[in-house]
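Student: Input: one structure, supplied below.
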Amino acid sequence: MRKTTLITGGAGYIGSHTALALINAGRHVLVLDNLCNSCRECIKRLEQLTLTRVDFIKGDIRDSRLLDDIFSRYDVEAVVHFASLKSVAESVSNPLDYYTNNVAGTLDLCRAMARNNVFKLVFSSSATVYGEPTRTPIAEDFGTGKPVNPYGRTKLMIEELLSDLCHSDPRWSIALLRYFNPIGAHESGMIGEDPTGRPNNLLPCLTQVAIGRIPELTVFGSDYPTVDGTCVRDYIHVVDLAIGHLKALLKLQQTSGIDVWNLGTGVGYSVLQIIHSFEDITGIAIPYRFAPRRPGDIAKCFADPGKAKRELGWTAQRDLRQMIIDAWRWQSCNPQGYQSSFKIAALSAVR
Ligand code: NAD
Ligand code: WQD
């Protein structure tokens, strides 16, 4: 049997880019996804991109019998665990779903891993676990803060439960990756972010305004103590993020215990800087209006990515221009996300 990396949530935005990076690096992957926020078309596109069959199982990480079956049929050497619900707003209105899916789901997954002697895990955490940082850039040794919503609390709880697990049994080897703000898409334009319903995050809102699906962009807050009054974030290209997972998997082969790495660029951009960069790069004017601050937003959040550079040999390679070009290529080639039949859009507008 070939050694396999199990990717939970691998049909989603970051998981699909990571699946592609792992396949391109010569690894065999198995994607497990219940498709609650993704679709089979993504797997088809991965197959077109890699010219291989991508092993895919539609199923839930909370289905213990299914997990045992997977571990008995595949020689799983490590799990990269993306499967999660991720809408901040939905987590406030429906916290039980978030605690059940994210926290209990991770417990079920870890139990199944332990039953089947698989002890290497890469976990998708988030900069949200830092809460409101007292200063920037944010380094891992700042410690965690108080996440301001149930989604963020699920991430912190999972980090803590994984830490307890590691300390209880030396066979575990776990990488916690704290992502900052992933944006962009694979350069082919064939896979990308496809939010269900109205998006919450800045970049998909912006590209949907540009393509005409949303009439105008709302900018939340203009009075933050930042360069221009709008919030500053560390946007990171999803392909760089995907490569970070490959580096973390390599690290797990050499170490045991639990450790944590920020995956960000170390550079912050304000909302207005993002809008104006998008306009400059694509030549498309973005209508926007200011609205009051969005509850829970913090003024500035960007990473100190030094630890990942020193210990994983990873740094982000793609700059903001590349992130915007790739995000726009994905959106313009797939105006309705994966429901669109892929068409090579004229990118003549990109300057
Ligand atoms: P996504 O929604 O595109 O991908 C998550 C995938 O998990 C989806 O395909 C969904 O169908 C699947 N899934 C959800 N619950 C499942 C379950 N119980 N069983 C099986 N599959 C399930 O999200 P994403 O943006 O790719 O995020 C991936 C991970 O990274 C998540 O854990 C998310 O919390 C984390 N993260 C995302 C961001 C971001 O801004 N996108 C930032 C920090 C951390
Ligand atoms: C960025 C900036 C908004 C939309 C969220 C989660 C975090 C992590 C990543 C998963 C903010 C502003 C946005 C819009 C706007 N997810 N904005 N108009 O809030 O930094 O992080 O996604 O782990 O947990 O909280 O990202 O893209 O939503 O917002 O003005 O229509 O853009 O106010 O300042 P955020 P975002």
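Since every read-out is calculated from the coordinates, none of them should be taken as a lab result. Remember, it's a predicted structure, so these values are computed and weren't measured experimentally. Ideal geometry is used to build each Cβ from the backbone, glycine not excepted, and the neighbour counts take in all protein chains shown.
Student: Cross-link partners among lysines for residue 44, C-alpha distance below 28 Å, same-chain residues fewer than 8 apart left out?
Tutor: Within the straight-line cut-off, residue 44 pairs with 3, 58, 86, 120, 247, 343.
Student: Let me ask you something else. Shape verdict for the stretch 56-177, please, from the Cα gyration tensor: rounded (a/c under 1.5), prolate (a/b greater than b/c) or oblate.
Tutor: Verdict is oblate for the stretch 56-177.
Student: Please get the size of the charge dipole for the stretch 225-351, origin at its Cα centre, with Cβ charges of +1 on Lys and Arg and -1 on Asp and Glu, quoted in debye to the nearest 20.
Tutor: With only Lys, Arg, Asp and Glu charged at Cβ, the dipole is about 120 debye.
Student: Reachable lysines from residue 146, Cα under 16 Å, same-chain residues fewer than 8 places away excluded?
Tutor: The reachable lysines, counting only those whose Cα sits under 16 Å from residue 146, are 155, 300.
Student: Strictly greater than 14 Å: what percent of every Cα pair in the stretch 214-259 meets that?
Tutor: The answer is 70 percent, as a whole percent.
Student: What's the extension gain from residue 213 to residue 135 if we count 0.36 nm per residue and subtract their Cα-Cα distance?
Tutor: Full-extension gain reported as 24.4 nm.
Student: Now a separate question. Quick check on the stretch 223-351: what does the Kirkwood estimate of hydrodynamic radius come out to from the alpha carbon pairs, in Å?
Tutor: 17.1
Student: Something else: Could you give each residue of the stretch 219-231 its phi-based ³J(HN,Hα) in whole Hz, using Karplus coefficients 6.51, -1.76, 1.60 with θ = phi - 60°, and x for Gly or Pro?
Tutor: 9, 7, x, 10, 10, 6, x, 10, 3, 9, x, 9, 5
Student: What span do the alpha-carbon atoms of the stretch 229-282 cover on each of the three principal axes, reported in whole Å from largest to smallest?
Tutor: For the stretch 229-282, the Cα spread along each principal axis is 45, 24, 10 Å.
Student: For the stretch 135-198, would you read off the P(r) tail past 13 Å as a percentage of all alpha carbon pairs?
Tutor: In whole percent, the share of Cα-Cα pairs in the stretch 135-198 beyond 13 Å is 77.
Student: Can you tell me the dipole magnitude for the chain around its Cα centre, using point charges on the Cβ only (Lys, Arg +1; Asp, Glu -1), in Debye to the nearest 20?
Tutor: Dipole size: approximately 440 debye.
Student: Does the stretch 288-345 come out rounded, prolate or oblate, given a ≥ b ≥ c as the square roots of the eigenvalues of its C-alpha gyration tensor, rounded meaning a/c under 1.5 and, failing that, prolate meaning a/b above b/c?
Tutor: Oblate.
Student: To continue, here is another question. Based on the Cα gyration tensor of the chain, what are the three equivalent ellipsoid semi-axes, each the root of five times an eigenvalue, rounded to whole Å and given largest first?
Tutor: 31, 24, 18
Student: Check each of the GluC sites (Glu not before Pro) in the stretch 137-226 and keep only those in coil by DSSP with at most 12 other C-beta atoms within 10 angstrom; list them in order.
Tutor: Here the sparse-neighbourhood loop sites are 216.
Student: Once amide H atoms are built 1.01 Å from N in the peptide plane, which residues 5 or more positions from residue 219, or in another chain, come under 5 Å H to H?
Tutor: Under 5 Å from the amide H of residue 219 lie the amide H atoms of 289, 290, 291, each far enough along the sequence or on another chain.
Student: Quick one: what does P(r) look like for the stretch 82-134 with 10 Å bins over all Cα pairs, in whole %?
Tutor: Going out from 0 Å in 10 Å bins, the stretch 82-134 shows 21, 44, 26, 8, 0 percent.
Student: Let me ask you something else. For the stretch 141-237, I need the span (max minus min coordinate) of the C-alpha atoms along each principal axis, in Å, sorted largest to smallest.
Tutor: In descending order, the Cα extents are 53, 38, 23 Å.
Student: Report the Cα-based extents of the stretch 1-61 along its three principal axes, largest first, to the nearest Å.
Tutor: Dimensions of the stretch 1-61 along the principal axes of its Cα atoms: 28, 23, 17 Å.
Student: For residue 302, list long-range residues whose amide hydrogen, built 1.01 Å from N in the peptide plane, is under 5 Å from its own amide hydrogen.
Tutor: Amide H neighbours of residue 302: 138.
Student: Same structure again: With the dipole of the chain worked out from charges on the C-beta (+1 for Lys and Arg, -1 for Asp and Glu) around the Cα centre, which of 85, 298, 61 lies farthest toward the positive end?
Tutor: 61
Student: So what's the net charge close to residue 141: Lys and Arg +1, Asp and Glu -1, counting the other residues with Cβ under 14 Å from its Cβ?
Tutor: Within the 14 Å Cβ shell, the charges total 0.
Student: Residue by residue through the stretch 30-38, which ³J(HN,Hα) values in whole Hz follow from phi under the Karplus form 6.51 cos²θ - 1.76 cosθ + 1.60 (θ = phi - 60°), with glycine and proline marked x?
Tutor: For the stretch 30-38, the Karplus-derived couplings read 10, 9, 10, 8, 8, 6, 6, 9, 6 Hz, x marking Gly and Pro.
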